[in-house]
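K.L.:
Can you read through this structure? Questions will come right after.
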Amino acid sequence: MVDLIKSVFSVLTAFFLSALITVGAQPVPVGADTILLLRHAEAGDGNDPALTAKGKARAERVANQLAGLPIRTIYVTDTIRARQTAEPLANRLDLDVSPYDPFALPAFAEALKMTTGPVLVVGHSNTTPELVRLLGGEAGEPIAHDEHDRLYRVANGETELYEAGGAPLAMAGCPEAGATIESLIVQTYAVISGPAGEKRDWACFRSLFADGAQMMALHLPDQSPRVLMPQEYIERSGPWLEENGFFEKEVGRTVHQYGGIAQVFSSYEAVRSADDAEPFMRGINSFQLVRDANGWKITSLVWQQEHDGLPVPKAYLGTE
């Protein structure tokens with residue numbers, strides 16, 4: 001799991017960064033006072049350069065990392081590199097980006113403290129640490145010219161650090177998990193994933209499902225489908241997940257939505273440990289969702305495991 005850094009940060013070493021990379025989504029505390037801050041991704045040279053190919057790839061990874069959080073506002077400086085860093089996430093969350101003045105950081109910090117979050121601020125190597133300090137957080141060592149990995153989370157004066165573009169982040173405790181289809185899917189994967197010996201948040205898991213929801217597993221060709229209620233899944237599969245360790249991550253998604261109903265094909269792969277190089281299982285999770293006054297809920301979750309005669313089609317290994 002991602003280590004949370006709560007003291008003054010030292011220079012980030014390669015060992016530290018490798019410890020931040022996980023297979024499953026990392027649950028993090030997120031509330032109205034949460035402010036996320038990062039430097040823009042890798043950019044070219046010049047007065048107002050655009051992102052490089054490497055920077056654009058990081059921006060996409062940042063979008064994947066943060067799309068499961070209920071971010072309300074995204075702030076950027078009026079530069080091409082900052083806007084391009086934020087655009088993939090803004091598009092995923094259907095948000096506009098709001099400009100701020102990097103030369104008036106004290107006033108901006110005071111405004112952020114009064115803003116209902118969570119919010120994301122995209123800045124620069126000099127402005128991001130300074131803004132963290134103005135918000136009462138610990139910024140650590142100066143950000144080097146070629147360093148683009150820091151993602152700060154500041155809330156209530158406490159600071160935590162993640163790798164920008166690393167493992168997906170999901171809301172701890174499941175509040176507002178169904179605010180969007182994206183957050184509901186991300187939270188579903190996060191709550192069942194974890195190392196051996198770690199308890200899962202089954203109260204969160206149950207809250208993802210509508211009343212009367214069903215789960216159905218289709219495994220190998222000679223096995224009959226198994227129909228379960230969410231509580232039956234917890235009782236049958238929960239002990240095995242917690243004893244053996246299990247990380248499931250999404251590797252492709254196709255969404256079809258009409259009003260308050262949605263069908264999601266979410267391709268997955270699974271490993272038993274975050275250190276495993278190759279998955280031991282792949283397949284497709286088929287989510288049937290409905291939206292009510294409280295957000296999106298799962299009415300049915302059916303999964304088909306891949307086998308030699310039934311590979312996951314390439315069409316379902318991307319996003320649509």
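Just so you know, all these numbers are worked out from the coordinates, no wet-lab data involved. A quick note: this is a predicted structure, and the numbers were derived from the prediction, not measured. Cβ coordinates were reconstructed from backbone atoms using ideal geometry, including for glycine residues, and neighbour counts include every protein chain displayed.
K.L.:
Can you return the lysines within cross-link range of Lys314? Criterion is Cα-Cα under 19 Å, with same-chain partners fewer than 8 residues away left out.
P.N.:
Hits, sequence-local ones excluded: Lys249.
K.L.:
OK, next. Please work out how much length the chain gains when fully extended from Ala107 to Thr299, using 0.36 nm per residue of separation minus the C-alpha to C-alpha distance, in nm with one decimal.
P.N.:
64.5 nm
K.L.:
Please give the FRET efficiency for Leu220 paired with Gln263, using the beta carbon to beta carbon distance and R0 = 22 Å, rounded to the nearest 0.05.
P.N.:
Plugging the Cβ-Cβ distance into 1/(1 + (r/R0)^6) gives 0.35.
K.L.:
Here is a follow-up. Please compute the contact order of the chain in relative form: average sequence separation of alpha-carbon pairs under 8 Å and at least six residues apart, divided by the residue count, as a percent.
P.N.:
Rounded, it is 18 percent for the chain.
K.L.:
Test of understanding: in a Gaussian network model of the chain with alpha carbons linked when under 10 Å, which of Ala107, Ala50, Ala139 would top the mean-square fluctuation ranking?
P.N.:
Of Ala107, Ala50, Ala139, the most mobile in the Gaussian network model is Ala107.
K.L.:
Next question, about the same structure. So how strong a dipole does the chain carry about its Cα centre when Lys and Arg Cβ are +1 and Asp and Glu Cβ are -1, to the nearest 20 debye?
P.N.:
Details: 26 positive and 41 negative charges, 91 e Å.
Its charge dipole is roughly 440 debye.
K.L.:
Put +1 on the Cβ of each Lys and Arg and -1 on the Cβ of each Asp and Glu in the stretch 181-316; which of Ser267, Ala210, Leu310 then has its Cα farthest toward the positive end of the dipole?
P.N.:
Checked the options; the winner is Ala210.
K.L.:
Suppose we keep just the DSSP beta bridges with both residues in the chain; what percent of those would be antiparallel, to 5?
P.N.:
Values: 47 of 69 bridges.
DSSP beta bridges in the chain are roughly 70 percent antiparallel.
K.L.:
Follow-up question, since we're still on this one. With a 10 Å Cβ neighbour count serving as the proxy for reagent exposure, in which order, fewest first, do Asp275, Asp78 appear?
P.N.:
Lowest count first: Asp275, Asp78.
K.L.:
Okay, moving on. Name the most mobile residue of Leu151, Leu105, Leu37, meaning the one with the largest mean-square fluctuation, in a Gaussian network model of the chain with Cα contacts below 10 Å.
P.N.:
Largest GNM mean-square fluctuation: Leu105.
K.L.:
Can you show me the helix-derived [θ] at 222 nm for the chain, built from DSSP H runs with n ≥ 4 at -39,500 (n - 2.57) apiece and divided by the number of residues, rounded to the nearest 500. Don't skip to the end; give the middle numbers.
P.N.:
Working: 8 runs with 85 residues, N = 320.
Mean residue ellipticity at 222 nm (helix-derived): -8000 deg cm²/dmol.
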